[in-house]
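S.K.: What follows is a single structure, and I will ask about it in a moment.
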Amino acid sequence: RIVPNRITYNAAVSACEKGGQWQLALAQLGLFSQLQLQPDVISYNSVLSACDKGCQWHLALALMGEMVGCGISLSEISYGAAISCCGSAGQWQLALQLLARMRGDGLRANEVAYGAAIAACEKGHCWQPALELLSSTRVHRVSANTIMQNAAISSLEKVGLWHLALNLFSTMPQAAALPDEITCSALISSCEKGGNWQLALYLLNLMPEMQLTPNTITYNAAISACEKKGLSNLALELLNTMPAMPDEITYNSVISACARGGLWQQAVHLLQMLPEVRIQPDVVTCNAAISACEKG
């Protein structure tokens, strides 16, 4: 008969973590004491990662306290998972506290920890701490990779600070970080929020030169920028030329642009063709079409 040992149960906990089953991972951790086995840092890290996927930040902090109480040293992985967990739950202040505590414990805050902390600030709509963290990576000799840059740019996008977002984008090559589709989508969205439709379209047209393919999210942001300025013809042109599959948001923005531009016939035509593209009109769609007819 094969007797399960710590390695066996660590594998079971890891399997639960990879499957996003934080309750099962926690239950497996509880079996250690029943079988007179001592969980190690690998055991706890797997459960912490499971908590991250389940946004169980209270539990993650409790597990960290339990680790310290059992004499198990917290690792970079432990902190990274806990910081990410707090960030996912919108607890950006706790995420920053954990990052500071990590350094206080003599551990090197790596790219994972910094990326999680900046993402936490982004989710909390706190662009200033996000930029401060990104700037401090140089002092702590941490590579400010594309993931960190995207999170910082997204934090600026949420408040429409397109000029700061564009400045950050221009410095990415200095940090050896390559812009990707997420970068450009966030930039175009920031221009849309800031009312700068010309720059939004310029960035959209720049993407092929960067060997990047605009996706539905990218086009939606550009179309929305045109819609807000009532540029109905441009919005229609983008819809007709986009290589990505339009979605409900795409059609809502274009129909709304037609309403602003007085193109009621085009708005009605788009509304009528929605069943053909298997999109269900919602209240926003219908209101935009009605508004177009009223103005027409």
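Throughout, read-outs are computed from the coordinates displayed, never taken from laboratory work. Here the structure is a predicted model, which means the values were calculated and not measured. Neighbour counts are summed over all protein chains in view; Cβ atoms, including those assigned to glycine, are modelled from backbone coordinates with ideal geometry.
S.K.: If r is the Cβ-Cβ distance from GLU132 to GLU181 and R0 is 35 Å, what FRET efficiency results, to the nearest 0.05?
M.R.: Computed FRET efficiency for GLU132 and GLU181: 0.85.
S.K.: Among (i) 18.1; (ii) 19.5; (iii) 15.6, which one is mean projected area of the Cα convex hull in nm² computed from these coordinates?
M.R.: Matching the structure shown: (ii).
S.K.: I've got another one for you. How large is ³J(HN,Hα) for each residue in the range 40-52, as worked out from phi by the Karplus curve 6.51 cos²θ - 1.76 cosθ + 1.60 (θ = phi - 60°), to whole Hz, x for Gly and Pro?
M.R.: 10, 5, 5, 4, 5, 4, 5, 5, 4, 5, 5, 5, 4
S.K.: Could I have the simple spin-label model distance between SER33 and ASP105, label points 7 Å from Cα toward Cβ, reported in nm to one decimal?
M.R.: If labels sit at SER33 and ASP105, their model points lie 2.1 nm apart.
S.K.: Given the options GLN280, LEU168, LEU131, identify the residue whose Cα lies farthest towards the positive end of the charge dipole of the chain (+1 on Cβ of Lys, Arg; -1 on Cβ of Asp, Glu).
M.R.: After comparing all options, I get LEU131.
S.K.: What do you get for trypsin sites (Lys or Arg not before Pro) in the range 111-166 restricted to DSSP loop and a cutoff of at most 13 other Cβ within 10 Å of the site's Cβ?
M.R.: Here the trypsin sites (Lys or Arg not before Pro) that fit, given the DSSP loop and packing criteria, are ARG141.
S.K.: If you don't mind, there's one more thing I want to ask. May I ask which of LYS18/LYS158; LYS53/LYS193; LYS18/LYS123; LYS123/LYS193 have a Cα-Cα span longer than 25 Å here?
M.R.: Flagged as over cut-off: LYS18/LYS158; LYS53/LYS193.
S.K.: Mind listing the phi-derived Karplus ³J(HN,Hα) values for the range 26-31, rounded to whole Hz, using 6.51, -1.76 and 1.60 with θ = phi - 60°, and x for any glycine or proline?
M.R.: Each residue of the range 26-31 in turn: 5, 5, 5, 5, x, 6 Hz.
S.K.: Would you work out if the range 42-109 is rounded, prolate or oblate? Take a ≥ b ≥ c from the square roots of the eigenvalues of the alpha-carbon gyration tensor; rounded if a/c is under 1.5, else prolate when a/b is larger than b/c, oblate otherwise.
M.R.: oblate
S.K.: Could you order peptides 272-283, 92-103 by the average number of other Cβ atoms within 10 Å of their residues, highest first?
M.R.: Descending packing order for the listed peptides: 92-103, 272-283.
S.K.: Using only alpha carbons, build the gyration tensor for the range 152-200 and give me the equivalent ellipsoid semi-axes, biggest first, whole Å.
M.R.: 18, 10, 9
S.K.: Turning to a different aspect of this structure: With a 10 Å cut-off between alpha carbons and a GNM built on the chain, which of LEU178, LEU31, LEU63 moves the most?
M.R.: In the Gaussian network model the winner is LEU31.
S.K.: What are the ³J(HN,Hα) couplings of the range 179-194, residue after residue, when phi is run through the Karplus curve with 6.51, -1.76, 1.60 and θ = phi - 60°? Round to Hz, x for glycine and proline.
M.R.: Karplus values, whole Hz, x for Gly and Pro: x, 10, 4, 5, 4, 5, 4, 5, 5, 5, 5, 5, 5, 4, 5, x.
S.K.: Here's something else I'd like to know. Given the peptides 75-83, 11-19, 183-191, arrange them by the average over their residues of other C-beta atoms within 10 Å, most packed first.
M.R.: Packing proxy ranking, top to bottom: 183-191, 75-83, 11-19.
S.K.: Can you compute the modelled spin-label distance between CYS70 and ALA11, with each label point 7 Å from Cα toward Cβ, in nm?
M.R.: The modelled label-to-label distance comes out at 2.0 nm.
S.K.: Assign unit charges at the C-beta atoms only (+1 for Lys and Arg, -1 for Asp and Glu), then state the dipole size of the chain relative to its Cα centre in Debye, rounded to the nearest 20.
M.R.: Its charge dipole is roughly 480 debye.
S.K.: Another question, if that's okay. With each run of n ≥ 4 DSSP H residues scored as -39500 (n - 2.57), what mean residue ellipticity at 222 nm is computed for the chain after dividing by its residue count and rounding to the nearest 500 deg cm²/dmol?
M.R.: Roughly -22000 deg cm²/dmol at 222 nm, from the helical runs in the chain.
S.K.: Setting aside same-chain residues fewer than 8 positions from LYS295, which lysines have a Cα under 18 Å from its Cα?
M.R.: The qualifying lysines are LYS228, LYS229.
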